[in-house]
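In what follows, a structure is listed as structure tokens, so that the remarks can point back to it.
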Amino acid sequence: MKNIAILGSTGSIGTQALEVIEAHPQLFQIELLTCHKNSTLIVAQAKKFNPNVVIVTDESIYKEVFDALDPLHIKVYAGIAAVNNAVQMSTIDMVLTALVGYAGLMPTIKAIEAKKSIALANKETLVVAGEIIMKLAEASGVPIFPVDSEHSAIFQCLVGEHQNPLEKIILTASGGPFRGKDAAFLQNIKKEQALKHPNWVMGAKITIDSATLMNKGLEVIEAKWLFGLRTEQIEVIVHPQSIVHSLVQFEDGSMKAQMGLPDMKLPIQYALAYPKRIPSDFPRFNFTDYSNLTFEPPNIKLFRNLQLAYDVCSSGGNHPCILNAANEIAVEAFLNDRIKFLQISEVIENCLEKVSYLRAPNLEDLINTDKETRTKANELIH
Ligand code: NDP
Ligand code: MG
């Protein structure tokens, strides 16, 4: 029996993780659930899964959640500091980081320090502080299991291959809703169009990141750290059907891919149950339903975020942290109708020019970089 903490249980990944856990009550038990402000859903989840602790990071819903769960002897706390403490509880075996954005960084660090296995959905953590996180995980003997479907695919392709260096990996991208469109079309995108992803139903932030190809850019940086690669070893290819989830190529030229229908429950379940594959009733892929699996290069001239992410992946230091913070502010501004779709890249590029570069930042430097970038990005938007 594995005792699981889900940070961000009310989100797209969080709710799908709970479906996986509900289907395997003999293997998993919920110890901690957290959300930001969705009081109704977290109360319903807590009533169903009976965790030891529930934490809401938006303190305004604390009383409501406390009143609903206190009679059930479920402890309720508020604020991100409570999350940082709770992930270290001795009763937790594994922490699933399914909260969105930079907010995932500190809880992940605290969980690794307390030697909890990490199922990592929150890619922003590795983008901001990949070097620090990977070194800490290694020093603490803590495994990090990727939940992101592309990274799970690569992780699955690498089982049994630890003696064999990678020549390169290929991350597949759906191309998002605006694949094949031109600059004139992108000028006037409405958020409703950008929020419609062709193949995946996800939270708003990652859905916009998928439309701008920033999601793939963040995944390039995530892959660099997870698999210890150089930027030149990471390729991106657009595969609109999202059946091949990613590929690896070894030094003999042989390639391995992991495939299946697009369903996040599979990589979530693989991370939770690793090293075992456990049964599932997820729909199966059938080759004859897909007579065409197609592949094409990404248009990085038009979707500039992917190029910017490649650039910061190479330059390193605090650049990925700047890129991430600027992107979070720009995406939020786009979702609030304050900037246009193509201005997201402009905000990021501007911040990369304005915030000073640090070659070897420590955690405190990164925290300061994040703050400074958010201020700069907000100034640019106003
Ligand atoms: P959602 O927006 O659906 O869910 C986010 C979760 O985080 C919710 O539980 C939300 O609470 C909580 N949350 C929001 N803001 C904060 C905050 N400031 N502090 C603490 N908690 C917060 O996101 P997704 O599930 O789509 O994505 C989660 C992470 O997983 C992201 O990093 C994303 O990149 C990654 N990922 C997601 C995939 C997907 O298919 N969705 C695929 C691969 C990776 P509340 O509901 O109360 O607001
Ligand atoms: Mg992905």
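The values are calculated or read from the model by the stated rules, or taken from the named source; none is laboratory data. The structure displayed is predicted, hence computed values, not measured ones. Heads up, the Cβs are rebuilt from the backbone with ideal geometry, glycines too, and the neighbour counts pull from every protein chain shown. Heavy atoms of the whole protein, side chains included, go into the accessibility calculation; ligands, DNA and RNA do not. Shrake-Rupley method; radii C 1.70, N 1.55, O 1.52, S 1.80 Å.
Structure note, pairs K191/K216; K135/K256; K181/K224: Cα-Cα distances above 21 angstrom occur for K135/K256; K181/K224. Take the Cα of M1, step 7 Å toward its Cβ, do the same at E138, and the gap between the two points is 3.7 nm. When the surface is traced with a 1.4 Å probe over the full set of protein chains, E251 keeps roughly 120 Å² accessible. Taking A82, A309, A360 in turn, the Gaussian network model of the chain (Cα-Cα springs below 10 Å) assigns the largest fluctuation to A360. Charging the Cβ of each Asp and Glu at -1 and of each Lys and Arg at +1, and nothing else, the dipole of the chain about its Cα centre rounds to 380 debye. Of the residues S246, S315, S152, the one that moves most in a GNM of the chain with alpha-carbon contacts below 10 Å is S315. Listed by chain and number, the aspartates and glutamates placed with their C-alpha closer than 16 angstrom to that of K116 are E31, D93, E138; residues fewer than eight positions away on the same chain are left out. Label positions at T15 and F66, each projected 7 Å from the Cα along the C-beta direction, are separated by 2.8 nm.
Say R0 is 45 Å: what FRET efficiency, to the nearest 0.05, do T40 and F185 get from their beta-carbon distance? Efficiency at R0 = 45 Å is approximately 0.75.
Among 232-242, 45-55, what's the highest-first ranking by average C-beta atoms within 10 angstrom per residue?
Listed from highest to lowest mean packing, they are 45-55, 232-242.
Of the accessible area of the chain, computed with a 1.4 Å probe over protein heavy atoms only, carbon and sulfur atoms account for 52 percent. Of the cross-linked pairs K276/K301; K47/K340; K168/K371; K2/K37, those separated by over 32 Å at the C-alpha level are K276/K301; K47/K340; K168/K371. The simple spin-label model puts a point 7 Å past each Cα toward its Cβ; for E167 and H73 those points are separated by 6.1 nm. Relative to the current alpha-carbon distance between N286 and S314, full extension at 0.36 nm per residue lengthens the span by 6.2 nm.
Tell me the relative contact order for the chain as a rounded percent, counting alpha carbon contacts under 8 Å between residues six or more apart.
On the way: 690 pairs, mean separation 54.8, N = 382.
Here the relative contact order equals 14 percent.
Our estimate of slack between R277 and E235, defined as 0.36 nm per intervening residue step minus the Cα-Cα distance, is 12.3 nm. Note on D93/L195: beta-carbon distance plugged into 1/(1 + (r/R0)^6) with R0 of 41 Å gives a FRET efficiency of 0.70.
Can you classify the chain as rounded, prolate or oblate using the Cα gyration tensor, where a ≥ b ≥ c are the square roots of its eigenvalues, rounded means a/c under 1.5, and otherwise it's prolate if a/b beats b/c and oblate if not?
rounded
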